[in-house]
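Encoded as structure tokens, the structure appears first; notes follow it.
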Amino acid sequence: MTRIDLTGLEVRPAQVWGGVRLVPLVRPEPVEGLRLHREVYGNAGSVDLGDRTTYTSYIPHGFVADWSGKGAEGAAYGTRLGDGEPRAVPVRRHHRLAKRRNGEKRLRFLPLHLALEGYLALHFGGPSVVWDEWSQQAVRQGLSPRAEAAYAGWSVPGLSEALRVFEIHPGQCGLMLYVADALAAAFVVPHPRDYRVLHPTLIEDLYGELVHQYAFYGAPVPEFTARIRDEAGSVRTLADLRAAARAQERAWAEAHDGLMARDLLDTSYAFERVYRMDSYDLYRFLPPFHRGGEEQHIGELIADHKGRTLYLKTFRLSENQIRRGHLLRRLADCDWHLEQTAEALGTTYAEVVRRVTAAGFGSLLNAHVIAQRLRETQES
Amino acid sequence: MTETHSDLIAAEDVLLFVNAAVTATGQREFRSSAGEQRLSLAFLHEYVRVNYRPVYAAALALDINDHNAALIVEQLLRTPKEAGEREGRLIAARLALMPPQRVYRLFRALRAARVNNRRTRAIIRDWLAARAEREGLALDAVKYRPGLKAAARHVHQRFADPECGDFLFTPGRRVRYEHPYLDAYRRARYEQGALYELPFTVAEGFAARHGIPRERFLERIAPRMTRLERLRTERASDLTVMPLTRLALYVLSLPFGERVARRAELTGALRAAAGRVAGPYAGTWGRVAAVLDDSYSASGSAVKRRRPLAVALGCHFLLEALAAPGAYAAHWTSGGADPLLVRPWGPTPLGTRILDALEGPAAPDRLVIVSDGWDNAPPGLAGEVLRVWRTRLDPERRTSAVHVNPVYDAAGFDVRRLAPSVPTAGIRDAEDLAALVEIAQFAEGRTGLAQLRAYLDRRVELFLKGASR
């Protein structure tokens with residue numbers, strides 16, 4: 001599995017509000033057997049990563065995946081807690097990101113945190129070979145701290161209003177959210193009834209700094225309005241007119257998949273299976289961290305045995321985050337050897353050092369060794 | 001007569017203002033906030049008052065809503081220097097039609113703005129005199145106490161009835177009043193029984209003060225309630241006498257189960273109300289096809305709950321009455337077929353529905369679209385379908401099409417249009433549909449300012465004649 005496969009989901013015409021464009025995804029027949037519920041938490045949460053480290057983050061809600069097959073059960077609002085824990089605790093500890101609930105056929109996971117965790121854990125273990133250039137701190141503690149800033153949905157200007165006036169389609173199971181016509185997030189759930197309940201959670205989700213900036217500085221985007229070509233004689237009856245109207249809908253769907261969502265659908269991602277539940281797999285994926293200017297998303301996904309996407313949630317990385325990921329990838333590929341990395345990147349040693357520093361990892365380099373190495377290279 | 005470019009613009013401005021004055025209430029709508037609505041409306045009023053003063057005053061004779069009527073009166077009285085003829089009579093005639101609480105609010109606004117010219121005083125005095133003549137000022141003194149007080153102060157009114165004056169300004173002077181309302185008001189402070197002699201809204205305050213349980217209070221005050229108050233508190237009311245749009249709002253406020261259980265009763269009441277509105281025109285519209293918007297945006301806002309949907313529902317029954325028997329077809333955007341079970345949900349595929357409406361077994365004589373003008377599945381398709389249909393398939397205009405829109409678009413200073421080839425009119429109550437279709441023909445751009453002026457003059461003539469009778 002290398003690509004996101006959205007077969008079974010049809011694109012419907014976008015709805016525009018200011019700079020936000022919302023593209024509904026409709027499933028002609030809903031998927032039975034897997035349902036998502038919403039679980040409500042307090043404001044912030046602290047996640048236990050298992051290796052005696054934790055990170056604290058804004059967690060407004062979690063999802064509960066239920067594959068017991070009792071599909072008739074309606075999606076419920078925050079009633080699946082069961083343990084009777086108090087609700088308004090400001091900081092809570094969550095043991096593991098995806099956790100099976102009380103031996104039931106349910107899995108609790110926090111939206112986007114799998115993906116973020118995957119991104120943050122990207123080679124954050126530190127250098128695998130103890131080259132002289134790395135400081136003692138890097139070798140002992142890895143690349144710490146692991147922190148990324150994100151914006152909650154309600155602080156993205158215009159998003160709450162756009163989500164409020166959005167008209168949900170019958171059978172809608174997902175949404176692509178564009179801000180200033182850049183794909184900000186994709187969200188897919190298995191069943192339309194789940195979607196109706198989970199639609200408001202989009203406002204509580206995490207969005208990257210890029211999305212916030214685009215929403216803040218972006219102008220209103222134009223609406224793709226239908227245009228029927230009616231040169232003399234091409235429309236003679238109402239049936240012709242209807243066919244022309246149909247063609248408009250198709251044209252939009254093709255334009256969307258081929259143009260607007262291309263980077264998301266065509267890029268090959270590195271998938272990692274986090275959890276298996278019956279015939280469903282919970283994955284997180286990381287982009288290739290290419291530096292070609294195309295958009296890069298991290299995210300998580302539940303697929304069934306046929307590879308159909310039942311649940312998808314993405315987080316758009318900013319240019320800075322992509323650069324950091326790219327650098328870490330290259331370093332890891334070259335066993336954290338700075339000179340080899342410079343060679344692989346087709347650049348100089350000094351430039352690699354500059355990049356590592358610029359990425360915020362300067363404190364991990366041993367300044368003395370670096371200075372000495374730089375002097376040597378200049379002399380030679 | 002030649003039409004100049006500025007004439008066309010003037011005609012457009014006037015229609016724009018009429019549309020706004022029919023639909024906008026300065027309240028929150030689905031897509032724009034109350035602040036945006038007020039700002040937009042304030043600009044529009046000033047613009048039209050400065051540029052087309054006679055037309056601005058003449059708008060009082062049209063079926064515009066009370067919010068805008070009050071705004072127009074206030075603006076006219078604030079600027080007495082430019083006043084034209086007939087203005088005073090138009091204002092007086094309109095005030096006589098408006099509910100008293102709105103008029104008192106207007107008087108208070110005038111007082112706050114320190115508008116106290118001779119004409120304003122004369123108008124307020126006349127209105128109060130007419131009100132005193134009709135039912136005495138005792139009811140107003142009890143029910144709209146602060147309003148009446150402010151108005152009387154503003155014009156230095158001496159009350160013909162000395163009791164009223166004492167009640168308002170020197171309440172300690174009399175030990176008892178002759179008038180039953182005034183006396184009941186005095187006693188209600190100490191005596192629970194007395195409050196049941198007062199109007200409902202006044203008694204409500206006293207009941208709260210005495211801590212009377214709501215249930216018991218409603219039970220005993222029931223005979224004093226007005227029709228609307230009874231409907232609002234869910235007391236049984238005679239549905240067959242309710243106006244159409246109010247009735248539609250009531251039906252939509254009921255849960256689905258109750259709507260199904262009372263289907264015969266509700267449908268009967270709606271049909272009866274529509275029949276009353278259609279009056280002599282019933283059955284004269286030939287084959288009618290309607291496209292009715294029940295998308296999510298028809299839910300309106302917290303202050304105008306389900307108003308657009310109620311207008312669509314009212315129009316449904318009215319059009320059914322206006323169409324020739326059995327020649328009416330309704331097309332809801334959701335695809336539903338049961339008008340009693342509509343709910344605001346889903347997208348607005350107007351274009352497809354218009355095609356459905358035009359296709360039918362035989363081409364309709366009239367196509368009526370009731371929608372807020374937001375067409376999103378896909379956007380703009382309705383306009384395109386209407387354009388191509390008009391230019392390529394029906395250039396001889398066998399079918400007349402009209403779009404009525406219940407929602408004011410604050411950003412556009414007008415109701416949203418679907419296509420230039422289809423006239424659009426603002427609508428507030430389904431009852432006005434027939435009159436609006438008449439106005440809408442001006443919006444098509446085929447008739448100019450002269451006809452529009454003539455039409456307005458005719459309406460003003462009728463209005464003033466009706467008022468003087």
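Please verify whether the stretch A:118-134 includes one or more residues that are open to solvent by less than 40 Å² (accessible area, probe 1.4 Å), modelled with pLDDT of 75 or more and closer than 24 Å to A:Leu282 by Cβ.
Yes, the stretch A:118-134 has at least one match.
Mind checking whether some residue in the stretch A:304-312 is open to solvent by 30 Å² or more (accessible area, probe 1.4 Å), at positive phi and away from chain B (no Cβ under 14 Å)?
The answer is no, given that none of the residues of the stretch A:304-312 is open to solvent by 30 Å² or more (accessible area, probe 1.4 Å), at positive phi and away from chain B (no Cβ under 14 Å).
How about the stretch B:218-269: which of its residues are within 20 Å of the chain's Cα centre (by Cα) and in contact (Cβ under 8 Å) with a residue 60 or more places away in the chain?
B:Pro243, B:Leu244, B:Thr245, B:Leu247, B:Ala248, B:Leu249, B:Val251, B:Leu252, listed by residue number.
Which residue out of B:Pro339, B:Pro308 is open to solvent by 10 Å² or more (accessible area, probe 1.4 Å), farther than 26 Å from A:Leu238 by Cβ and either facing chain A (nearest Cβ under 9 Å) or not charged (D, E, K, R) (or both)?
After ruling out the rest, the residue left standing is B:Pro308.
Evaluate the following for B:Gly326: is it touching a Lys or Arg at 6+ places or on another chain (Cβ under 8 Å) and either within 14 Å of chain A (Cβ to nearest Cβ) or assigned to a loop (DSSP other than H, G, I, E, B) (or both)?
Judged against the criteria, B:Gly326 is not a match.
When you look at A:Tyr195, is it open to solvent by less than 70 Å² (accessible area, probe 1.4 Å), within 14 Å of chain B (Cβ to nearest Cβ) and not polar (S, T, N, Q), yes or no?
The answer is yes for A:Tyr195.
Considering A:Glu294, A:Glu351, which residue is out of contact with any helix residue (DSSP H, G or I) (no Cβ under 6 Å at 6 or more places or on another chain) and open to solvent by 20 Å² or more (accessible area, probe 1.4 Å)?
Every option except A:Glu351 fails the conditions.
Here's the yes/no breakdown for (1) over 19 Å from B:Pro146 (Cα atoms); (2) open to solvent by 30 Å² or more (accessible area, probe 1.4 Å); (3) touching a residue at least 24 places away in the same chain (Cβ under 8 Å):
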{"site": "B:Thr170", "(1), (2), (3)": "no, yes, no"}
{"site": "B:Arg174", "(1), (2), (3)": "yes, yes, no"}
{"site": "B:Leu182", "(1), (2), (3)": "no, no, yes"}
{"site": "B:Arg189", "(1), (2), (3)": "no, yes, no"}
{"site": "B:Ala194", "(1), (2), (3)": "yes, no, no"}
{"site": "B:Pro199", "(1), (2), (3)": "no, no, yes"}
{"site": "B:Val202", "(1), (2), (3)": "no, no, yes"}
{"site": "B:Phe206", "(1), (2), (3)": "no, no, no"}
{"site": "B:Gly211", "(1), (2), (3)": "yes, yes, no"}
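Can you name the number of the only condition in (1) more than 26 Å from B:Asp356 (Cβ to Cβ); (2) open to solvent by 60 Å² or more (accessible area, probe 1.4 Å); (3) at pLDDT 85 or above that A:Asp257 fails?
(3)
Out of the stretch B:421-442, which residues are free of Cβ contacts under 8 Å to residues at least 60 places away in the same chain and assigned to a strand (DSSP E or B)?
none
Return only the number of the condition from (1) of a type outside the set (A, V, I, L, M, F, W, C); (2) in contact with a Ser or Thr (Cβ under 7 Å, 6 or more places away or on another chain); (3) at the interface with chain A (Cβ under 10 Å from one of its Cβ atoms) that B:Gly351 does not satisfy.
It fails just one condition, (2).
Filter the stretch B:364-388 down to residues that are within 9 Å of chain A (Cβ to nearest Cβ) and open to solvent by 40 Å² or more (accessible area, probe 1.4 Å) and give me whichever is farthest from B:Ala330 (Cα to Cα).
B:Arg387
Go over the candidates B:Gly257, B:Gly286, B:Gly279 one by one and state the one that is in a helix (DSSP H, G or I), modelled with pLDDT of 90 or more, out of contact with any helix residue (DSSP H, G or I) (no Cβ under 7 Å at 6 or more places or on another chain) and open to solvent by less than 70 Å² (accessible area, probe 1.4 Å).
Among B:Gly257, B:Gly286, B:Gly279, only B:Gly257 is in a helix (DSSP H, G or I), modelled with pLDDT of 90 or more, out of contact with any helix residue (DSSP H, G or I) (no Cβ under 7 Å at 6 or more places or on another chain) and open to solvent by less than 70 Å² (accessible area, probe 1.4 Å).
Kindly evaluate B:Ala70 against the criterion of being in a helix (DSSP H, G or I), within 20 Å of the chain's Cα centre (by Cα), of a type outside the set (Asp, Glu) and buried (at least 17 other Cβ atoms within 10 Å of the Cβ).
Spelling it out, B:Ala70 is indeed in a helix (DSSP H, G or I), within 20 Å of the chain's Cα centre (by Cα), of a type outside the set (Asp, Glu) and buried (at least 17 other Cβ atoms within 10 Å of the Cβ).
May I ask you to say which residue of A:Ala332, A:Ala358 is open to solvent by 70 Å² or more (accessible area, probe 1.4 Å) and among the aliphatic types (A, V, I, L, M)?
Sole residue among the options that is open to solvent by 70 Å² or more (accessible area, probe 1.4 Å) and among the aliphatic types (A, V, I, L, M): A:Ala358.
Would you check which residues across the stretch B:165-184 are in contact with an Asp or Glu (Cβ under 9 Å, 6 or more places away or on another chain) and closer than 29 Å to B:Leu228 by Cα and list them?
B:His179, B:Pro180, B:Tyr181, B:Leu182, B:Asp183, B:Ala184
Can you list the helices (runs of 4 or more DSSP H) lying wholly within the stretch B:92-161 that have 1 or more residues being in contact with an Asp or Glu (Cβ under 6 Å, 6 or more places away or on another chain)?
B:100-112, B:145-154
Among the candidates B:Ala236, B:Ala264, B:Ala272, which residue alone is open to solvent by 20 Å² or more (accessible area, probe 1.4 Å), at pLDDT below 90 and among the hydrophobic types (A, V, I, L, M, F, W, C)?
After ruling out the rest, the residue left standing is B:Ala236.
Select from the stretch A:200-222 the residues that are within 14 Å of chain B (Cβ to nearest Cβ) and buried (at least 17 other Cβ atoms within 10 Å of the Cβ) and list them in ascending order.
A:Val221
So which residues in the stretch B:395-416 are buried (at least 18 other Cβ atoms within 10 Å of the Cβ) and part of a loop (DSSP other than H, G, I, E, B), if there are any at all?
B:Thr399, B:Pro406, B:Val407, B:Phe413, B:Arg416 - these are the residues of the stretch B:395-416 that are buried (at least 18 other Cβ atoms within 10 Å of the Cβ) and part of a loop (DSSP other than H, G, I, E, B).
Please go through the stretch A:223-232 and give me each residue that is more than 20 Å from B:Pro379 (Cβ to Cβ) and facing chain B (nearest Cβ under 8 Å), ordered by number.
none
Here is a list: A:Thr377, A:Thr347, A:Thr314. Which entry is over 30 Å from A:Met1 (Cβ atoms) and outside any helix (DSSP H, G or I)?
Going through A:Thr377, A:Thr347, A:Thr314 in turn, the sole match is A:Thr347.
Quick check on the stretch A:233-253. Is at least one of its residues at pLDDT 85 or above, more than 14 Å from every other protein chain (Cβ to nearest Cβ), open to solvent by 10 Å² or more (accessible area, probe 1.4 Å) and in contact with a helix residue (DSSP H, G or I) (Cβ under 9 Å, 6 or more places away or on another chain)?
Looking through the stretch A:233-253, none of the residues is at pLDDT 85 or above, more than 14 Å from every other protein chain (Cβ to nearest Cβ), open to solvent by 10 Å² or more (accessible area, probe 1.4 Å) and in contact with a helix residue (DSSP H, G or I) (Cβ under 9 Å, 6 or more places away or on another chain).
Residue-by-condition table, conditions (1) within 14 Å of chain A (Cβ to nearest Cβ); (2) not aromatic (Phe, Trp, Tyr):
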| residue | (1), (2) |
| --- | --- |
| B:Thr284 | no, yes |
| B:Tyr296 | yes, no |
| B:Arg343 | yes, yes |
| B:Gly346 | yes, yes |
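Which condition number in (1) in contact (Cβ under 8 Å) with a residue 60 or more places away in the chain; (2) open to solvent by 10 Å² or more (accessible area, probe 1.4 Å); (3) outside any helix (DSSP H, G or I) is the one that A:Leu301 fails?
(2)
Select from the stretch B:445-466 the residues that are within 26 Å of B:Ala278 (Cα to Cα) and buried (at least 16 other Cβ atoms within 10 Å of the Cβ) and list them in ascending order.
The answer is B:Leu452, B:Tyr455, B:Leu456, B:Arg459, B:Val460, B:Phe463, B:Leu464.
Is one or more of the residues making up the stretch B:73-85 buried (at least 22 other Cβ atoms within 10 Å of the Cβ) and more than 27 Å from B:Ala132 (Cβ to Cβ)?
no
The values are calculated or read from the model by the stated rules, or taken from the named source; none is laboratory data. The shown structure was predicted, so the numbers you read here are calculated from the model rather than taken from an experiment. When we count neighbours, we look across all protein chains shown, and the Cβ atoms used for this are built from the backbone with ideal geometry, even at glycine. Accessible surface areas use protein heavy atoms only, side chains included; no ligands, DNA or RNA. Shrake-Rupley method; radii C 1.70, N 1.55, O 1.52, S 1.80 Å.
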